[in-house]
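Q: Pasting in a structure now, in structure tokens, and then I'll have a few things to ask.
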Amino acid sequence: MHNPYKPIPMRIARTVVETDDQSLKSFELVFEREADREKFFAKYRPGQFCQLSIFGKGEAPFGVASAAWEGDFVRFTINKIGVFTRAIHKMKSGDAISMRGPLGNGFPIEDWKGSNILIIGGGYAFTTLFALAQHLLAPEIRSQYNDLTVIYGAREPGLFLYKEEIETWYKRDDINLYQAIDRPVEGWSHFVGYVPTVTKEIAPSAENTVSFVCGPPVMIKFTLPVLDELGFPPERIYTSLEKRMKCGIGKCGRCNVGHKYICKDGPVFTFAELRELPADL
Amino acid sequence: MYKVLPKTDLPKLIGRWMEQATVYAPVRQGDFTKFEPLSDPAQADLYYAANTRYPPKSLFLPQSEVMFRVKDGEFESTEDEVSSRVILGIHSCDTRALQLLDGVFLTGDYQDPYWAKKREQTTLVVLGCADPCETCFCTSVGSGPFDKRGADVMLIDIGDEYVADVRNEKGQALFGHLPDASRKQIDKSRQVQAAAAAGMKKPFETEGIKDKLYSLFDSDFWPKIQQSCLGCGACTFLCPTCYCFDIVDEAQRNERVRNWDTCMFRIYSQEASGHNPRPTNTERVRQRIMHKYAYFVELYDEIGCTGCGRCVRYCPVDLDIRQIIRSAQAWEES
Ligand SMILES: Cc1cc2nc3c(=O)[nH]c(=O)nc-3n(C[C@H](O)[C@H](O)[C@H](O)COP(=O)(O)OP(=O)(O)OC[C@H]3O[C@@H](n4cnc5c(N)ncnc54)[C@H](O)[C@@H]3O)c2cc1C
Ligand code: SF4
Ligand code: SF4
Ligand code: FES
């Protein structure tokens, strides 16, 4: 019988310090066994997560921050806050690490072919949204969707993730990118203001558009009314939840909201779905 | 198929099983009984009143269980390290609990191999309760003292003998060689069963309980009923249908283990950001009750409580789940 708790061996191929304050680092992991790689990519879609483990430091869930076409690696962008995350921040390319996944439902992007896509992200919750945008930018996939708009906010310029890749988006004409920082900074030529305000300013059309919104709770709280005003019904606003998790497969009981388990029924839900659940968030 | 076993022959039968399997039965430990592997058939105490304090779920989901031995970064799983077992004298409520947990562990996209393997390797010789005790309420939650669901064999005490209702091949392997029960003995066993269920009180009605609890989610009901709760978690650790577990690494032993956990602790739902969706006892008591009487019903169409009475009996402040459900049903929002 397959053991879904059993991690597979991976290796760190590359690490990137993402933010000026060094708190966020990306890790690109490669597979030690070809069969594991095939299994992973047969199942993976943006919005899913994996359980990473370093024996002795335990396991922790992280969203996948890369699209399949980017290469044979899986990227995670990790905030240094506790036991596991401190340990992985000390690791270097070539080091061994274990992984389970992909887990969870991911963004049901295939359901929205032919639609406009609006991505709104704030802070380091941008990880899986970046994977989604990257996925959509693959040539054979990009043509299946209409306009692609990304609104991405951070406190200050140094806190944006994936700076190099994102810079290349400005040069493309098949993605509309709006980056915003909280307060003006010398040399900053993009938007200034909080994500909800910037969203209101840009006022993307809700017509035939589906939105994906991830960020800190306060950003979500103030962005939802803006989207509502613009005419987005809750069925067309997706978000990804972060609950404390252990097993990641709906067995350990840890991550429930009402009768849903965020690890297996989520982490991606529409706000229409969330409204049906008890407010246990 | 009904077999008959004189009580005096039970030790011999247990001895026979012990040649091929590990046999677990209630064994007296001071004021309590607990399911233990027998080293001598005489240790089995089938007259244990009420239920064992420590729930037999531990034989399938141990309080602490090694999941992996870790060597040079390789995780070697331990699920196959279980051989043939017989559990003798488990009551219907605890057997029901195993079935309810099968829903959690064996259905959906992922199956739990540790649970599956132990279930597969185990024969359940269930002992019906001829004399349910004061804190039992199985008949209120869709079961009964002689509920045969999940039993490989059901033993019914008719005085000097047990009538054994052998329900499948697993049961057949243990009881097949015994003589058939007579018509009279079978009739007697039916009377015992009917009398036991008829004698039980129904402390509450479950009709509509799921929707009622959903409607009370934000109500003053929860702050009120939780007031005496200490948050000690005893009710959940002893509950046969509570299954939450934590996964931790025991680095010195090179093991990844899982341990019982409880939604009654604050840290259980503490998130990385510092946010906690269940910061006080109110949310935690609500989670415990709603998991069993609303969410479980939503998912499996069954109440996730078997009426075993452990949480009633062992709560240090006498918080009584029967009273909570009764109050919920009667609660009118002011
Ligand atoms: C689906 C999902 C996707 C995630 N994606 C990312 C990501 O892309 N990047 C990222 O940096 N973080 C992500 N997280 C959060 C990440 O899992 C936690 O930051 C991590 O588990 C903390 O581990 P630690 O050992 O360093 O912290 P600990 O030392 O265990 O604890 C530090 C703090 O984190 C809390 N905590 C512990 N374990 C968890 C847990 N499993 N989930 C939430 N809080 C926890 C503790 O209660 C404590 O407050 C994600 C979480 C989920 C559920
Ligand atoms: S909630 Fe109480 S009565 Fe119900 S199964 Fe659990 S311990 Fe037994
Ligand atoms: S046993 Fe009683 S006091 Fe302890 S957590 Fe359960 S309800 Fe609260
Ligand atoms: S993390 Fe175990 S049930 Fe969701």
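Q: On each of the three principal axes of the Cα atoms of the protein assembly as shown, give max minus min coordinate, whole Å, ordered largest first.
A: Per principal axis, max minus min of the Cα coordinates gives 93, 62, 41 Å.
Q: Sticking with this one: Toward the positive end of the charge dipole of the protein assembly as shown, about the Cα centre and with charges on Cβ (Lys, Arg +1; Asp, Glu -1), which of A:PRO139, B:MET290, A:GLY231 goes farthest?
A: B:MET290
Q: Taking amide H positions as placed in the peptide plane 1.01 Å from N, state which residues far from A:ILE8 in sequence (5 or more) or on other chains have amide H under 5 Å from it.
A: Under 5 Å from the amide H of A:ILE8 lie the amide H atoms of A:MET99, A:ARG100, each far enough along the sequence or on another chain.
Q: Next up: What residue among B:GLU65, B:GLU271, B:GLU302 has the largest mean-square fluctuation in a Gaussian network model of chain B, using Cα springs under 10 Å?
A: Answer for the Gaussian network model of chain B: B:GLU271.
Q: Continuing with the same structure: Checking the a/c ratio against 1.5 first, then a/b against b/c, what shape does the Cα gyration tensor give for region A:8-103?
A: Details: a/c = 1.62, a/b = 1.40, b/c = 1.16.
Note, shape of region A:8-103 comes out prolate.
Q: Another question, if that's okay. Mind checking A:243-251 for the average number of partner chain beta-carbons within 10 Å of each residue's beta-carbon? Spell out each step's value before the answer.
A: On the way: counts 3, 9, 1, 8, 7, 2, 5, 7, 12.
Mean shielding by partner chains, rounded to a whole number: 6.
Q: Related question: Search the structure for amide H atoms under 5 Å from the amide H of B:TYR162, placed 1.01 Å from N in the peptide plane, and list their residues when 5 or more places away or on another chain.
A: Counting only residues 5 or more places away or on other chains, the set is B:LEU5, B:LYS7.
Q: Hey, another quick one. Would you count, across region B:2-198, every pair of lysines whose alpha carbons are under 18 angstrom apart, provided the pair is eight or more residues apart or spans two chains?
A: For region B:2-198, qualifying lysine pairs total 15.
Q: Now a separate question. Please compute the modelled spin-label separation between A:ARG11 and B:ASP40, points set 7 Å along Cα→Cβ, answer in nm with one decimal.
A: With each label point 7 Å from Cα toward Cβ, the separation is 6.0 nm.
Q: Taking 7 Å along the Cα-to-C-beta vector as the label spot, tell me the A:ARG142-A:GLU229 distance in nanometres, rounded to one decimal.
A: Modelled inter-label distance: 3.3 nm.
Q: Here's something else I'd like to know. Taking every eigenvalue of the Cα gyration tensor of region B:174-257, multiplying by 5 and rooting it, what semi-axes result, largest first, whole Å? Present the calculation step by step, with values, prior to reporting the outcome.
A: On the way: eigenvalues 331, 189, 28 Å².
Output for region B:174-257: semi-axes of 41, 31, 12 Å.
Q: If you don't mind, there's one more thing I want to ask. Within 10 Å of each Cβ in peptide B:296-306, how many partner chain Cβ atoms are there on average? Round it to a whole number, please.
A: Values: counts 1, 1, 3, 4, 1, 0, 0, 0, 0, 0, 0.
For peptide B:296-306, the averaged partner shielding equals 1.
Q: Still on this structure, I have one more. Between A:ASP182 and A:ALA35, what's the calculated FRET efficiency when r is the beta-carbon distance and R0 is 41 Å? Round to 0.05. Walk me through the numbers on the way to the answer.
A: Details: r = 46 Å, r/R0 = 1.13.
E between A:ASP182 and A:ALA35, to the nearest 0.05, is 0.30.
Q: Now, a different point. What FRET efficiency would be calculated for the residue pair A:ASP111, B:PHE32, taking the C-beta separation as r and a Förster radius of 60 Å, to the nearest 0.05? Provide the component values of the computation, followed by the final result.
A: Working: r = 55 Å, r/R0 = 0.92.
Taking R0 as 60 Å, the efficiency between A:ASP111 and B:PHE32 is 0.60.
Q: How big, on average over all directions, is the shadow cast by the Cα convex hull of chain A, in nm²?
A: With the hull built on Cα positions only, its mean projection is 14.9 nm².
Q: OK, next. Shape of region B:1-87 from its Cα gyration tensor (a ≥ b ≥ c, root eigenvalues): rounded if a/c is under 1.5, otherwise prolate when a/b > b/c, or oblate? Mind dumping the intermediate values first?
A: Details: a/c = 2.89, a/b = 1.76, b/c = 1.64.
In terms of gyration-tensor shape, prolate.
Q: For chain B, what class follows from the C-alpha gyration tensor (a ≥ b ≥ c being the square roots of its eigenvalues): rounded when a/c is under 1.5, otherwise prolate if a/b is larger than b/c, else oblate?
A: Values: a/c = 2.14, a/b = 1.26, b/c = 1.70.
In terms of gyration-tensor shape, oblate.
Q: For region A:178-186, take each phi angle, set θ = phi - 60°, evaluate the Karplus expression 6.51 cos²θ - 1.76 cosθ + 1.60, and give the result in whole Hz per residue in order, putting x for glycine and proline.
A: Those phi angles translate into 10, 9, 9, 10, 5, 10, x, 9, 4 Hz.
Q: Then there's this: Cα axis of helix A:217-230 to longest principal axis of chain A: angle in degrees, 0 to 90, nearest 10?
A: 40
Q: Then there's this: Which value in nm describes the separation of the simple spin-label points at B:CYS232 and A:VAL192, placed 7 Å from the Cα toward the beta carbon?
A: With each label point 7 Å from Cα toward Cβ, the separation is 6.0 nm.
Q: I'd like the orientation of helix A:127-137 relative to chain A: the angle between its Cα long axis and the longest Cα principal axis, in ° from 0 to 90, rounded to 10.
A: 70
Q: Report the GluC sites (Glu not before Pro) located in region B:104-166 that are in a DSSP loop and have at most 14 other Cβ atoms inside 10 Å of their Cβ, or state none.
A: Values: sites: B:GLU120, B:GLU134, B:GLU161; in loops: B:GLU134.
Those satisfying the criteria are B:GLU134.
Q: Just to be sure I understand the curve: with the Debye formula and one point per C-alpha of region A:109-240, what is log10 I(q)/I(0) at q = 0.13, 0.14, 0.17, 0.22 Å⁻¹?
A: For region A:109-240, the Cα-only Debye profile gives -0.49, -0.57, -0.86, -1.48.
Q: Using a 4.7 Å Cβ cut-off, which Cys residues in chain A lack a partner cysteine?
A: A:CYS50, A:CYS214, A:CYS255, A:CYS263 - these cysteines have no disulfide-compatible partner (Cβ-Cβ under 4.7 Å) in chain A.
Q: Let's test the formula: R0 of 51 Å, r as the Cβ-Cβ distance of B:GLN323 and A:SER205. What FRET efficiency results, to the nearest 0.05? Provide the component values of the computation, followed by the final result.
A: Numbers: r = 56 Å, r/R0 = 1.09.
The pair B:GLN323/A:SER205 has a calculated efficiency of 0.35.
Q: Here's another thing I want to ask about it. Considering only protein heavy atoms and a 1.4 Å probe, what is the carbon-and-sulfur percentage of the accessible area of region A:173-245?
A: Details: 2030 of 3850 Å².
Answer for region A:173-245: carbon and sulfur cover 53 percent of the accessible area.
The values are calculated or read from the model by the stated rules, or taken from the named source; none is laboratory data. All values derive from a computational prediction rather than experimental measurement. Reconstructed Cβ throughout: ideal geometry from the backbone, glycine too, with neighbour counts over all protein chains shown. Surface accessibility is based on the protein's heavy atoms, side chains included, excluding ligands, DNA and RNA. Shrake-Rupley method; radii C 1.70, N 1.55, O 1.52, S 1.80 Å.
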